[in-house]
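The values are calculated or read from the model by the stated rules, or taken from the named source; none is laboratory data. Bear in mind that the values here come from a model prediction, so they are computed numbers and not experimental data. Glycine gets a Cβ as well: all are built from the backbone with ideal geometry, and neighbour counts include every protein chain shown. Areas reflect the complete protein model, heavy atoms only, side chains present, ligands, DNA and RNA absent. Shrake-Rupley method; radii C 1.70, N 1.55, O 1.52, S 1.80 Å.
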Amino acid sequence: MHGVFANRWWIVFATVCGLIVGGGAINVFAFGVFLKPITAELGIGRAMFSSALTLHSLLSALSCPVVGWLVDRWGARRVMIPGLLVYAVATASYALIQASPFALTYLLFAAAGVVGGIGTPIPYAAVLTQWFDRTRGLALGIGIAGVGLGVAIVPQLAAALIAAFGWRTAYLGLGVAVLVIAFVPVALFLREPPSVGVRSRDGVTSGSLPGIEAGAAFRSGLFWALATAFFLDVIAINGTLTHIVALLTDRGIALQAATAALSGVGIALILGRILSGWCLDRMWGPYVAVTFFVLPMIGIALLASGAAGFTAYVGAIALGLGIGAEVDLMAFFTGRYFGARNYAKIYGTIFGTFSLGVGIGPTLSGASFDLFHSYTPIFLVYEVMLAVSCVIFLRLGAYRYPAQEQAGDDTPVKVPA
């Protein structure tokens, strides 16, 4: 690729586009838009239909390490070009959802879950880690902010398509959106650096990427410390945010105003991704992580206090900043502590563990409300979880693969002695 399009920031652009129509936006946030029209037309219960999403989420989490292995072995471009085509077809296939036999619906969601890792930040973060060093945090922050844009855009697009054409055609439209918004930019711009060699049959690259073997990483306490910290934080933050509308309406806030709080969370999510990325290039990462996880601790405390009105909105926004930073931090720490050689395998496994935690928090929050008619007991548990994550981050130590001096990059990362 030559000329202006050879600039590596076009890869960040492709990442943003790819994650706008990623798995989170389509299979999680847009799911709620389809829930009512599908269950009403097919005459099935919401719990039964939601169980298909649970199956999808489990298989998608299991697919993340597999996608990471494929990316490390064959390269992100070789995986993403066919992978996005399959992902688009899997999305469009939701138009075939049936109530009888419901097994077909399970099969469709299962198939989409198997290729779900393609719609995650894993392959994109692997490429960005190879291209960026001193400005890696900012590149990851901007690129992964595409998830936040997807949260804001895709549900609205789905609602418009459903209103105009019906839910089956809407799913076909989302499949087309994957091709237009993700496949085209990825095909044009996503590529590995020239210095990264092609993998041989035994998985060894001719390039000189620094890093440790995946097996050694998985046996290390450092890997499990990071996986545990991010697992706990997503349970706490996601568990609170998924019930935020119900919590606010319980306190007398109108449904429209409570839903508007989610818009504030979406904006905070994007801001958290970019701001945390910018900070990671200038400060020691664990300090950044603690800062962005203390914010949701404050947010949960405000919500647990029983506050309504402006104070509750501040709490929701604080949670949005935290959930915005977590994926960026995960991607950054993987590169700095384990290197780029087997990045996608290691990051994919951490991300898979993280994905499992996504579904646990909402269940815990619901159980707290059903048992105690209050979210306060589980909020106290969430505070402890986030505090444990902060302690883990502060014990990580210096980067094993710090940024190197490179022309055109910026301020050195400051690591405490």
The chain - percent of accessible surface contributed by carbon and sulfur, probe 1.4 Å: 71 percent
Rolling a 1.4 angstrom probe over the protein heavy atoms, how many square angstrom per residue are accessible across the chain? 40 Å²
Pairwise label distance in nanometres, LEU62 with ARG395, each label 7 Å out on the Cα-Cβ vector: 3.2 nm
Along the charge dipole of the chain, which of PRO193, ALA325, SER374 sits closest to the positive end, that is, farthest toward it, with unit charges on the beta carbon of Lys, Arg, Asp and Glu (+1, +1, -1, -1)? PRO193
Of the candidates GLY23, MET80, SER50, the farthest towards the positive dipole end of the range 2-84 (Lys/Arg Cβ +1, Asp/Glu Cβ -1, centred on the Cα centre) is MET80
Note: ALA308 to ALA367 extended length (0.36 nm per residue) minus current alpha-carbon separation gives 19.0 nm
Rounded to the nearest 20 Debye, what is the dipole magnitude of the chain about its Cα centre when Lys and Arg each give +1 and Asp and Glu each give -1 at the C-beta? 620 debye
Net charge near VAL290 (other residues with Cβ under 13 Å of its Cβ; Lys, Arg +1; Asp, Glu -1) is -1
Please give the calculated 222 nm ellipticity per residue for the chain, where each DSSP H segment of at least 4 residues contributes -39500 (n - 2.57) and the sum is spread over every residue; nearest 500 deg cm²/dmol? -23500 deg cm²/dmol
How long are the semi-axes of the equivalent ellipsoid of the range 1-94, defined as square roots of 5 times the Cα gyration tensor eigenvalues? Whole Å, largest first. 33, 16, 10
Calculate I(q)/I(0) for the chain by the Debye formula, one identical point scatterer on each C-alpha and no solvent, and give its log10 at q = 0.09, 0.10 Å⁻¹ to two decimals. -0.53, -0.66
When the convex hull of its Cα atoms is projected in every direction, mean area for the range 211-302 (nm²): 7.5 nm²
Given 0.36 nm per residue, what is the gain on full extension from ILE81 to VAL384 after removing their alpha carbon distance, in nm? 104.8 nm
Taking only the alpha-carbon atoms of the range 250-320, the convex hull volume per residue, in cubic angstrom, is 66 Å³
Mind checking the full-extension length gain between PHE102 and GLN404? Use 0.36 nm per residue of separation minus the Cα-Cα distance, one decimal, nm. 103.3 nm
